[in-house]
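First up is the structure itself, then whatever we jot down about it.
Just so it is clear, none of the values below were taken in a lab; they were calculated from the coordinates. Since the structure is predicted, the reported quantities are computational estimates derived from the model, not experimental observations. Here Cβ is always computed from backbone atoms with ideal geometry, including for glycine, and neighbour counts include all displayed protein chains.
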Amino acid sequence: MFLTDEETGMLNGEKGPAVKKAMEILVALGEGFGAKRLVTINNVHMAGSSVLVAEEAGTKFVEDIQNQGGRFVTNVTTNPTAVDPTQWEEIGIDESDHILQNRLTNSYAGMGANTCNTCIPYLVGNSPRFGEHMAWGESSAVVYANSVCGARTNREGGPSGLASALTGRTPEYGFHLKENRHGKFLIKVETQLNDMTDFGTLGYFAGKIAGQDTPVFTGISSNPTLEQLKALSAALASSGAVSMFHAVGVTPEAPTLDEAFGGREPEKILVFGDKEKEMAEAALNKEPSDHVDWILIGCPNASVQEIREVAEALQGKKVHKDVSLWVTTAGSMYAMAERMGYIQTIKEAGGVVVRETCPFLARSRVIAPKKGYKTLTTNSAKMAFYAPGQFGLPTHYGNLNRVMKAAINGVWG
């Protein structure tokens, strides 16, 4: 792999041991994937931000990098942590995680990260530009950035993201190369997509078929909301290992079907109609009973618009006494929603708006038995797909209207 003089100097330790280690990681990664060179970047979203992922060893590694003089040379945002900074004890998180998480977050902050602690960095000031090379972790954000924004990133892990932040480089392979960004197969959407949940259901259906390939959609309305597109992105990255999609007439690299496929014919053509939507929804409903106890809204983290819709559904009502309602979001989304009065409405109804963490990146296998949770109810296809395996909780899956009725009535209607 070709290295510039500056990059060779970094690899030889001219900028200190932390940068030397970072370059060793990037060179090994690039050579493993056949990259011809490194590209300059100024944008990293750090996936390894939770101690559920890092544990003690990973936290110590990040602390050692900081102690060796490591300093981020790019814009860096951080993924959700394992704790809510103010409500960790109330929602069932152990003090040991709170202490360890503070160490990890403080190390990232000490090296220059914006510790926004969210999976929606594009809503909190880190908005990718079209064609921008980046090094992002968090699978749903990667799909959103590549597809909706037209930026260029692979799915980075914690060590590679850290290395890119220290050097301002990432290997040029995969989705950094235009020839790898074209679609592989076509899905004709022939059913109405009414809300976020329908977009998530489509993503679940397509991801199972796609694997790592890039799907192309036709039949999607030309003006889907940001929330609908992030639901689609998250589900594609969950049931499959998708890093990018095209929606003809919607996403920037697919103004036409021909451009989406780079002039090639699709390898296969599928239909997503009423029958396919019903079957996909049924597959995500793993809990046969009507029992409801833990309800989750905000996967990926909720926007202010989503928080508003929850508040409106709860206006003048109460969450059922046997139900815990979580709405997970970023700190900045929380602040705006609080100013609008939405947080107070949700609190008065008996719900909780959780910041900077989520069931995936907190120890839900500890939280659930501690709180007595037996099921998880959600409008997120990503959450419904992962919860049975990751948390041991069978799921109810449906749109926000149905989920909020369950929160109030205490049963899955």
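Amide H contacts of Ala247 (H built 1.01 Å from N, in plane; Pro and chain starts excluded): Phe217 sit under 5 Å, all sequence-distant by 5 or more or on other chains.
Listing Val83, Val271, Val304 from the residue with the fewest other Cβ atoms within 10 Å to the one with the most, what is the order? Could you put the intermediate results ahead of the total?
On the way: Val83 31, Val271 13, Val304 19.
So the residues, fewest neighbours to most, are Val271, Val304, Val83.
The modelled label-to-label distance between Arg71 and Asn194, using points 7 Å beyond Cα along the C-beta direction, is 5.6 nm.
Note on Rg/Rh (Cα atoms, Kirkwood Rh): of the candidates (i) 1.14; (ii) 1.10; (iii) 0.98, the value calculated from this structure sits at (iii). Within a straight-line Cα-Cα reach of under 20 Å, Lys230 can be paired with the following lysines, leaving aside sequence neighbours fewer than 8 residues apart in one chain: Lys188, Lys208, Lys277, Lys382.
With r as the distance between the Cβ atoms of Asn42 and Glu14 and R0 = 25 Å, compute the FRET efficiency 1/(1 + (r/R0)^6) and round to 0.05.
On the way: r = 21 Å, r/R0 = 0.84.
E(calc), rounded to 0.05, equals 0.75.
Per-residue ellipticity at 222 nm, computed for the chain from helices alone with -39500 (n - 2.57) per DSSP H run of at least four residues, works out to -12500 deg cm²/dmol.
In this simple spin-label approximation, Asn180 and Glu265 carry label points 7 Å from Cα along the Cα→Cβ vector, and these lie 2.7 nm apart.
At a 10 Å Cβ-Cβ cut-off, how would you order Trp294, Trp412, fewest neighbours first?
The order, fewest Cβ neighbours first, is Trp412, Trp294.
In the chain, the DSSP beta bridges split such that about 10 percent are antiparallel, to the nearest 5. Within the straight-line cut-off of under 19 Å between alpha carbons, the lysines reachable from Lys317 are Lys347, Lys405, sequence neighbours fewer than 8 places apart in one chain being disregarded. Working from label points 7 Å from Cα in the Cα-to-Cβ sense, the Gln212 to Val366 distance is 3.4 nm.
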